[in-house]
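Please read the structure below before turning to the comments.
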There are 4 protein chains.
Amino acid sequence: MNKLTINHELLISRAIEARERAYAAYSKYKVGAAVLTEDGRIFTGCNVENAVYPLTLCAERVAIFKAVSEGATQITAMAVATANGGTPCGSCRQVMREFGDPSMPVYIADVRGNYRETTLGGLLPDSFSVKDLSAE
Amino acid sequence: MNKLTINHELLISRAIEARERAYAAYSKYKVGAAVLTEDGRIFTGCNVENAVYPLTLCAERVAIFKAVSEGATQITAMAVATANGGTPCGSCRQVMREFGDPSMPVYIADVRGNYRETTLGGLLPDSFSVKDLSAE
Amino acid sequence: MNKLTINHELLISRAIEARERAYAAYSKYKVGAAVLTEDGRIFTGCNVENAVYPLTLCAERVAIFKAVSEGATQITAMAVATANGGTPCGSCRQVMREFGDPSMPVYIADVRGNYRETTLGGLLPDSFSVKDLSAE
Amino acid sequence: MNKLTINHELLISRAIEARERAYAAYSKYKVGAAVLTEDGRIFTGCNVENAVYPLTLCAERVAIFKAVSEGATQITAMAVATANGGTPCGSCRQVMREFGDPSMPVYIADVRGNYRETTLGGLLPDSFSVKDLSAE
């Protein structure tokens with residue numbers, strides 16, 4: 001899928017909608033995400049927290065894991081929505097890297113729909129990836 | 001939902017099917033899971049690994065996070081399927097605990113459909129939960 | 001090391017002391033832990049939280065990872081201390097299982113020194129372990 | 001602590017030594033790390049893996065959690081050592097961010113002592129941090 005064909009406004013609106021389902025019982029910080037897969041499907045996610053904080057999962061990863069579990073093997077764009085336009089955490093950037101290229105666009109939005117565009121490579125430069133692991 | 005109404009054979013077969021989508025690039029250990037939610041829906045998951053091993057997610061959690069992200073708030077039964085009938089890990093047991101009661105049935109199956117039944121409380125006795133956290 | 005030789009009161013007091021160093025900026029739930037290794041050393045840990053909740057680590061795991069990073073290969077007893085005698089989470093139980101036997105004693109204490117004794121097998125029955133993984 | 005006062009060769013050599021203790025039973029990819037804290041102490045770590053892959057912890061985080069559990073509150077430099085000069089994963093970058101400034105130097109080395117220098121901000125630009133969380 002060519003970057004030009006990405007309907008990023010749709011992706012962002014889906015992330016904003018998904019945020020409404022956040023289970024943010026502990027942080028109260030609700031996050032929504034939407035991922036576009038190479039085969040043109042969109043999967044959404046929200047953060048799902050846990051009384052045991054390390055077992056919390058971020059919205060971006062929920063969306064990506066959902067996509068992979070439904071047969072997607074490559075992701076081509078991602079949108080994330082929060083109250084204040086917060087960026088994806090380092091863990092989510094790394095999970096995007098497993099399934100996406102550094103040139104993949106990432107849209108960072110707030111709940112009113114204001115957004116800016118960056119890339120995975122811009123968020124996780126000089127990334128560790130499978131090729132490093134196999135170099136052992 | 002009453003336990004008697006659980007179609008556990010359907011749940012197990014969905015877990016076995018979901019296992020086919022596992023992204024087990026590193027361990028080669030494929031796992032599938034299916035969760036029944038209080039509103040009668042079934043969500044499935046598979047394990048999704050990562051070159052950075054800690055960022056891997058287990059099948060059971062993929063299924064549960066998917067359910068929560070689609071509006072479920074309570075889970076009532078879970079099935080997990082592996083080649084050899086392996087049990088859920090401690091992390092997955094804890095995530096089940098966030099959304100399920102100790103009496104919740106858990107079906108542990110192999111890929112040929114052999115299974116045994118236990119409960120969440122049987123897998124995670126004396127569990128930490130939100131009531132402990134708020135007792136501080 | 002024989003179980004009879006475990007000075008569990010020392011282990012518990014070290015866990016209570018370690019709790020003072022907890023970085024519990026988000027949950028405010030402070031936890032301390034102490035682990036006895038097969039070679040007779042004690043390592044302590046506290047929970048270390050993160051603004052990105054999934055990157056938090058529990059006290060028990062901090063203690064165990066510290067022990068392994070200092071050359072320990074087997075753990076023989078564990079103590080955990082909280083305000084209210086909360087139990088270890090499922091993730092910590094699973095990490096104990098990587099380095100300890102199901103018969104390993106676990107002491108669950110509150111900050112006043114009240115405690116009860118259980119075992120790893122009592123906390124994580126029917127556990128997943130390396131032998132399951134290699135059965136694929 | 002001023003950046004000029006960092007003995008980065010010592011830090012790198014400690015990371016290389018720590019790598020020897022890696023418990024890399026599953027990936028076989030051994031990693032060592034060393035962190036310098038604001039009060040001038042050095043703490044080391046290695047990766048500690050688990051049959052349940054998500055419960056693995058990276059060397060950098062073992063070193064940082066060890067430091068915090070021993071009373072450190074701020075980190076000022078980090079070194080990581082692998083066979084091939086692999087970079088820290090996104091999760092470790094985020095944990096560094098909890099306790100370090102973007103200007104913090106990070107030394108990425110191989111086991112022969114070849115290294116290059118970058119900064120935390122260079123590895124995790126536009127990072128999510130506690131100020132985003134509290135903006136909700």
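Derivation of every value follows stated rules applied to the coordinates shown; laboratory data play no part. Worth saying up front: this structure is predicted, and the values here are computed from it rather than measured. Here the Cβ is made from the backbone with ideal geometry for all residues, glycine too, and neighbour counts use every protein chain on show.
Charge tally for A:Thr44 (other residues, Cβ to Cβ under 13 Å; Lys, Arg +1; Asp, Glu -1): +2. Relative to the Cα centre, the charge distribution of chain B, modelled as +1 at Lys and Arg Cβ and -1 at Asp and Glu Cβ, gives a dipole magnitude of about 400 debye. For the rotational copies B and A, the chain B residue with its Cβ nearest the relating axis, together with that separation in Å, is B:Lys66, 3. Counting from the shortest, the label point at A:Pro102, 7 Å from Cα toward Cβ, is 1.9, 4.9, 5.2 nm from the same position in each remaining copy.
Of the residues D:Pro54, D:Ala25, D:Ile108, the one whose Cα sits farthest toward the positive end of the charge dipole of the range D:8-124, with +1 on the Cβ of Lys and Arg and -1 on the Cβ of Asp and Glu, is D:Ala25.
Please give me the summed charge of the neighbours of A:Ser127: other residues whose Cβ is under 11 Å from its Cβ, Lys and Arg +1, Asp and Glu -1. With Lys, Arg at +1 and Asp, Glu at -1, the neighbours total 0.
In a DSSP loop and with at most 14 other Cβ atoms within 10 Å, the trypsin sites (Lys or Arg not before Pro) in the range D:28-136 are D:Lys28, D:Arg41, D:Arg112.
Distances from C:Val130 to itself in the other copies, using label points 7 Å out along the Cα-Cβ axis, amount to 2.6, 3.8, 3.8 nm in increasing order.
When B:Ala83 is represented by a point 7 angstrom out along its Cα-to-C-beta vector, the spacings to that point in the other copies are 2.3, 4.8, 4.8 nm, nearest first. Other residues within the sphere of radius under 11 Å centred on the Cβ of D:Gln94, judged by their own Cβ, net out at +2 (K and R +1, D and E -1).
Which values, in whole Å and largest first, are the semi-axes of the equivalent ellipsoid of chain A obtained as the square root of 5 times each eigenvalue of the Cα gyration tensor?
Numbers: eigenvalues 95, 69, 38 Å².
They are 22, 19, 14 Å, listed largest first.
For the range C:6-102, GluC sites (Glu not before Pro) meeting the loop criterion (DSSP other than H, G, I, E, B) and having at most 15 other Cβ atoms within 10 Å: C:Glu20, C:Glu38.
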